[in-house]
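Structure, as structure tokens:
The values are calculated or read from the model by the stated rules, or taken from the named source; none is laboratory data. Keep in mind that this is a model prediction, so the values were computed, not measured. All accessible areas refer to the heavy atoms of the entire protein, side chains included, with ligands and DNA or RNA removed. Shrake-Rupley method; radii C 1.70, N 1.55, O 1.52, S 1.80 Å.
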Amino acid sequence: ALESFERALGLEAGYVDALSNRGNALLALKRTEEALASYERALQLDPQSERVWMNRGDALAELKRYPEAEASYERALQLRPGYVEALHHRGMAKLERREWAGALADIEGALGLDGNYAEAHNSRGNVLLKLGREEEALAAFERALALRGNYADALANRGEALQRLKREEEALASCEAA
């Protein structure tokens, strides 16, 4: 895939979609600094691309540069209000910075826009676990699993919630299923 994007860029060096897709391929290959550079180049050509701002935020989050990631997600949201993934990912960046209230607000905001977003339900459960709200966390993990059956992260997280609730047998079964 990376070779295809490189060929497209050779044909037209300013092709924003090719730069963005190249960044996505590099990010998947864990070549995060190169991915970030590709997104930066795309944004020089089209600073109004909410998708590229979102992707840039993902690269920055991967590099653990969370405040910068949040700013990229914020820009994506300014360009496209209601951008569910950007709101969710901004919440995840806040979670990584241990800003529980802000993380929960963003993730719940994303769920308010798309209640069938399994990853956001899982993320909500993670924040609730951090806040010591195990029953609510368990319900969030259950909802994620109802939406996406064999969701390994949600199964493992569900196991942690069950363990905290002293429901050891169920916790073990959930963790083994993950």
Subject >> Heavy-atom accessible area per residue - the chain, 1.4 Å, Å² >> reply: 50 Å²
Original post:
Using every alpha carbon pair in segment 119-178, what percent of pairs falls into each 5 Å bin from 0 up to the bin containing the largest distance?
Top reply: 4, 26, 34, 25, 10, 1
**OP:** For K94, go through the lysines and keep the ones whose alpha-carbon is under 19 Å away, minus same-chain ones fewer than eight residues off.
**Re:** K64, K130
Subject >> Estimated 222 nm signal from helices in the chain, with DSSP H stretches of n ≥ 4 weighted -39500 (n - 2.57), rounded to 500 >> reply: -25000 deg cm²/dmol
**OP:** Relative to the longest principal axis of the C-alpha atoms of the chain, give the angle of the C-alpha long axis of helix 16-28, reported between 0 and 90° and rounded to the nearest 10°.
**Re:** 40 degrees
Subject >> Computed Kirkwood radius, in angstrom, where 1/r is averaged over Cα pairs of segment 1-149 >> reply: 16.0 Å
Original post:
For the chain, which whole percent of the accessible surface, found with a 1.4 angstrom probe, sits on carbon and sulfur atoms?
Top reply: 48 percent
